[in-house]
1. With θ set to phi - 60° and the Karplus curve 6.51 cos²θ - 1.76 cosθ + 1.60, what are the ³J(HN,Hα) couplings of region 38-44 in order, to the nearest whole Hz, using x for Gly and Pro?
2. Sticking to Cα atoms, compute the Rg of the chain to one decimal and its Dmax as the biggest Cα-Cα distance, whole number, in Å.
3. HN-Hα J couplings of region 80-95 from phi, Karplus 6.51/-1.76/1.60, θ = phi - 60°, integer Hz, Gly and Pro as x?
4. Taking the highest mean first, how do the peptides 92-103, 59-70 order by number of other beta carbon atoms within 10 angstrom per residue?
5. For region 1-112, what mean projected area does the convex hull of the alpha carbons give, in nm²?
6. I'd like the distance between the alpha-carbon centres of region 1-25 and region 166-184, rounded to an integer number of Å.
7. In region 48-101, how does Rg compare with the Kirkwood Rh, expressed as the Rg/Rh ratio over alpha carbon atoms?
8. Leaving out ligands and nucleic acids, and using a 1.4 Å probe, what accessible area per residue does the chain come to in Å²?
Amino acid sequence: MAETKKKTAVLISGRGSNLEALMKAAEAADYPAEIALVLSTKGDSPGLRHAKDKGIVTGVLHEKWETKTEFELNLDAVLQDAAVEIVCLAGFMRILSKRFVDAWRDRILNIHPSLLPLFPGLNTHSRALAAGVRFHGATVHFVRAQVDAGPIVTQGVVPVLSDDTPEVLADRVLRVEHRIYPLALDLVASGRAKIREERVLLSDVEATPEASLLSPPD
Ligand code: GRF
């Protein structure tokens, strides 16, 4: 068993398939993070139900707050009360302010469905198809105030096939997302991924994590 598991909160807004992948990975005795809290902006999100079923503490981030500042002060208080050390954004559909992101600097991760810095923002799969790229994928990165930017922890690559639709490509990318997010949280929670001059340096990693991702998905 990992000696001290890092208390991790996962913030979602919907489906929660990445949350599920993180929860599954965290079941391993030697995984360095514990999913201690799951917060959703939607009370009826499937991800929230899965977390509840697993006995994880959950909460709904109501939109009742009049201002973004109030919303974030509440979020900050909830995270602090639960002694959260790492926050994972997984399909969390709210943009966090610079003030919040700076307060949690180097402790928030996000997963984005493209090979950043290509295609930040929405509709990444149709944009990748329109651009004619041969490879596409997903990125886990530390969060900075600029949306979909920040030091990259891991990336997963998939081929783009000539008859792909955005939906087919999204599904292929999602499968790689489910592999790289648990890997990235493992690297960060274990202290093997450190930020130096806005790049992530890995230590005590035998092969590059990406090497293990080049094999076909399970
Ligand atoms: C994923 O594609 C993720 O990269 C993006 O939002 C989607 C969330 O999917 N940020 P899920 O809720 O984890 O299934």
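The values are calculated or read from the model by the stated rules, or taken from the named source; none is laboratory data. Remember, predicted model here, so these are calculated numbers, not experimental data. A quick note on method: Cβ atoms are made from the backbone with ideal geometry, for glycine too, and the neighbour counts reach across all protein chains shown. SASA here: full protein model, heavy atoms, side chains in, ligands and nucleic acids out. Shrake-Rupley method; radii C 1.70, N 1.55, O 1.52, S 1.80 Å.
1. 10, 10, 10, 7, 10, x, 9
2. Here Rg and the maximum Cα pair distance are 16.8, 50 Å.
3. Rounded to whole hertz, the list is 5, 4, 8, 6, 5, 10, 10, 10, 10, 8, 9, x, 8, 8, 10, 8.
4. Numbers: 92-103: 15.5, 59-70: 12.2.
Top to bottom by mean Cβ count within 10 Å: 92-103, 59-70.
5. Numbers: hull surface 26.9 nm².
If you wrap the Cα atoms of region 1-112 in a convex hull and average its projections, you get 6.7 nm².
6. Spelled out, the Cα-based centre of one part sits 16 Å from the other.
7. Working: Rg = 12.0 Å, Rh = 12.5 Å.
Answer for region 48-101: 0.96.
8. Working: 11300 Å² over 218 residues.
With all protein chains present, the chain gives 52 Å² per residue.
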